[in-house]
Amino acid sequence: MSELKEELKAKIIEQLNLEDVSVAEIADDDPLFGDGLGLDSIDALELIVMLDKDYGIRLSDPKEGRKIFESV
Amino acid sequence: MNKEFKISSYSHIKNQTISVNGNVLFTDDSEDFTTFIKAAYKFLDTGYSKFFKMDNLSKLAFLAADVLLKQEDLNEDENNIALIFSNKASSLDTDRKHQATIENDAEYFPSPAVFVYTLPNICLGEISIKHKLYSENSFFIFDRFNPEHLQLYANSLLRSEKSEKVLCGWVDIEENIYEAFLYLVESNGEIEHNTEEIIRLYKIL
């Protein structure tokens with residue numbers, strides 16, 4: 001599981017062009033949006049595409065999005 | 001009698017070089033635009049992390065504007081500097097990147113972050129957000145650099161007092177061929193705001 005988390009962090013940094021952030025700086029429970037990584041709505045869409053493309057995971061219930069994307 | 005205006009400053013980004021008022025600020029050997037503009041961003045101490053999320057046209061326009069606007073004594077809350085930009089290729093550079101993500105049905109994964117830049121005027125929004133410009137902005141597509149149109153529009157905005165200053169110019173990119181020339185028009189300045197002078201400045205770099 002920890003390997004998957006590290007992989008996800010690296011993908012988030014690469015996919016969202018977080019130039020000034022490293023994998024080590026993202027804690028597992030850091031909020032992705034708001035005060036944490038400060039991601040925006042376009043980043044959220046980009047994460048949804050990344051999960052579908054790289055892991056075949058589709059968000060079936062958009063209402064659950066806020067909880068699913070709370071942290072890594 | 002119509003009031004006359006002046007060009008107070010101008011910038012170029014072309015051939016791996018960034019200059020302001022004809023003076024070279026930054027130059028780099030890299031022929032790859034992404035590498036060049038990233039090095040320029042760091043050298044110029046731009047400090048705006050959203051820069052890395054922009055497409056290449058916005059990065060080009062943003063830095064060309066930033067080197068001029070950070071010389072201005074801007075208000076932290078709101079500024080009335082209009083933007084009149086132009087180019088030939090529109091957002092074609094980014095349009096092609098978007099096309100590449102949707103042309104294969106089996107690999108149909110359009111990137112929202114790329115798609116939002118498939119209009120040339122998005123770069124004006126990026127500049128306006130950074131510098132708090134609550135002002136008119138327009139992006140025109142021409143076959144060539146068109147100083148006549150830019151001068152006419154800038155004069156109209158300034159004479160009607162819709163804008164205090166106008167940042168005008170040309171920002172064009174297709175892969176690693178890029179060119180930005182911006183100039184600031186206002187009441188004060190050393191250079192006459194006429195088409196002859198605009199063309200002269202355009203050709204300096």
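The values are calculated or read from the model by the stated rules, or taken from the named source; none is laboratory data. Given the structure is predicted, the values throughout are model-derived calculations rather than measurements. No Cβ is skipped: glycine too gets one built from the backbone with ideal geometry, and neighbour counts run over all protein chains shown.
Any residue that is at pLDDT 95 or above, more than 14 Å from B:Leu167 (Cα to Cα), assigned to a loop (DSSP other than H, G, I, E, B) and aliphatic (A, V, I, L, M) - is there at least one of those in segment B:75-92?
Yes, segment B:75-92 has at least one match.
Going residue by residue through segment B:1-20, is there one that turns out to be in contact with a strand residue (DSSP E or B) (Cβ under 9 Å, 6 or more places away or on another chain), of a type in the set (Asp, Glu), part of a loop (DSSP other than H, G, I, E, B) and at pLDDT below 95? Full working, then the answer.
We begin by selecting, within segment B:1-20, every residue in contact with a strand residue (DSSP E or B) (Cβ under 9 Å, 6 or more places away or on another chain); these are B:4-20.
Filter again for of a type in the set (Asp, Glu), leaving B:4.
Those left that are additionally part of a loop (DSSP other than H, G, I, E, B): B:4.
Cutting the leftovers down to at pLDDT below 95 gives us B:4.
Yes; the residues of segment B:1-20 include at least one that is in contact with a strand residue (DSSP E or B) (Cβ under 9 Å, 6 or more places away or on another chain), of a type in the set (Asp, Glu), part of a loop (DSSP other than H, G, I, E, B) and at pLDDT below 95.
Out of B:Ile191, B:Ile199, which single residue is surrounded by 16 or more Cβ atoms within 10 Å (Cβ to Cβ) and more than 26 Å from B:Phe52 (Cβ to Cβ)? Before the answer, list the steps.
Details: B:Ile199 fails: surrounded by 16 or more Cβ atoms within 10 Å (Cβ to Cβ).
Among B:Ile191, B:Ile199, only B:Ile191 is surrounded by 16 or more Cβ atoms within 10 Å (Cβ to Cβ) and more than 26 Å from B:Phe52 (Cβ to Cβ).
Condition first: over 15 Å from the mean Cα position of the chain (by Cα), away from every other protein chain (no Cβ under 14 Å) and either part of a helix (DSSP H, G or I) or surrounded by fewer than 17 Cβ atoms within 10 Å (Cβ to Cβ) (or both). Now tell me which residues in segment B:106-141 satisfy that.
Within segment B:106-141, the subset over 15 Å from the mean Cα position of the chain (by Cα) is B:106-116, B:118, B:132, B:134-135.
Filter again for away from every other protein chain (no Cβ under 14 Å), leaving B:132, B:134-135.
The answer is B:Lys132, B:Tyr134.
Could you tell me whether any residue of segment B:163-179 is part of a loop (DSSP other than H, G, I, E, B) and touching a Leu at 6+ places or on another chain (Cβ under 7 Å)? Can you show your working first?
Step one: of segment B:163-179, the residues part of a loop (DSSP other than H, G, I, E, B) are B:163-164, B:175-176.
Filter again for touching a Leu at 6+ places or on another chain (Cβ under 7 Å), leaving B:163.
Yes, the conditions are met somewhere in segment B:163-179.
Just checking, how many residues over segment A:35-58 are more than 12 Å from every other protein chain (Cβ to nearest Cβ) and surrounded by 14 or more Cβ atoms within 10 Å (Cβ to Cβ)?
Number of matching residues: 1.
List the residue pairs whose Cβ atoms are under 8 Å apart, where the first residue sits in segment A:1-25 and is in contact (Cβ under 8 Å) with a residue 24 or more places away in the chain, the second is hydroxyl-bearing (Ser, Thr, Tyr), and the two are 6 or more positions apart or on different chains.
Between residues of segment A:1-25 that are in contact (Cβ under 8 Å) with a residue 24 or more places away in the chain and residues that are hydroxyl-bearing (Ser, Thr, Tyr), there is no close pair.
So that you can scan it fast, the table gives a plain yes or no per residue for (1) among the β-branched types (Val, Ile, Thr); (2) under 19 Å from B:Lys53 (Cα atoms); (3) more than 10 Å from chain B (Cβ to nearest Cβ):
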position	(1), (2), (3)
A:Glu7	no, no, yes
A:Leu16	no, yes, no
A:Asp30	no, no, yes
A:Phe33	no, yes, yes
A:Ser60	no, no, yes
A:Glu64	no, no, yes
A:Lys67	no, no, yes
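Could you check segment A:32-72 and list, in sequence order, the residues that are touching a residue at least 40 places away in the same chain (Cβ under 8 Å) and in contact with a helix residue (DSSP H, G or I) (Cβ under 9 Å, 6 or more places away or on another chain)?
Within segment A:32-72, the first condition is being touching a residue at least 40 places away in the same chain (Cβ under 8 Å), and the residues that meet it are A:32, A:54, A:71-72.
Within segment A:32-72, A:Leu32, A:Asp54, A:Val72 qualify.
Could you tell me whether B:Leu205 is aliphatic (A, V, I, L, M), part of a loop (DSSP other than H, G, I, E, B) and buried (at least 18 other Cβ atoms within 10 Å of the Cβ)? I'd like the intermediate steps shown before the answer.
Working: aliphatic (A, V, I, L, M): yes; part of a loop (DSSP other than H, G, I, E, B): yes; buried (at least 18 other Cβ atoms within 10 Å of the Cβ): yes.
Spelling it out, B:Leu205 is indeed aliphatic (A, V, I, L, M), part of a loop (DSSP other than H, G, I, E, B) and buried (at least 18 other Cβ atoms within 10 Å of the Cβ).
Would you pick out the residues in segment B:18-64 that are touching a residue at least 60 places away in the same chain (Cβ under 8 Å) and among the small types (Gly, Ala, Ser)?
B:Ser19, B:Gly22, B:Ser58, B:Ala61, B:Ala64 - these are the residues of segment B:18-64 that are touching a residue at least 60 places away in the same chain (Cβ under 8 Å) and among the small types (Gly, Ala, Ser).
Inspect segment A:18-25 for any residue being among the small types (Gly, Ala, Ser), surrounded by 13 or more Cβ atoms within 10 Å (Cβ to Cβ) and either closer than 28 Å to B:Ile37 by Cβ or within 11 Å of another protein chain (Cβ to nearest Cβ) (or both) and give the result as yes or no.
Kept after step one, since they are among the small types (Gly, Ala, Ser), are these residues of segment A:18-25: A:22, A:24.
With surrounded by 13 or more Cβ atoms within 10 Å (Cβ to Cβ) added as a condition, the list becomes none.
Checked segment A:18-25: no residue is among the small types (Gly, Ala, Ser), surrounded by 13 or more Cβ atoms within 10 Å (Cβ to Cβ) and either closer than 28 Å to B:Ile37 by Cβ or within 11 Å of another protein chain (Cβ to nearest Cβ) (or both).
Go through (1) under 11 Å from the mean Cα position of the chain (by Cα); (2) within 21 Å of B:His98 (Cα to Cα) for A:Ser41 and report which single condition fails.
So A:Ser41 meets the others, but not (1).
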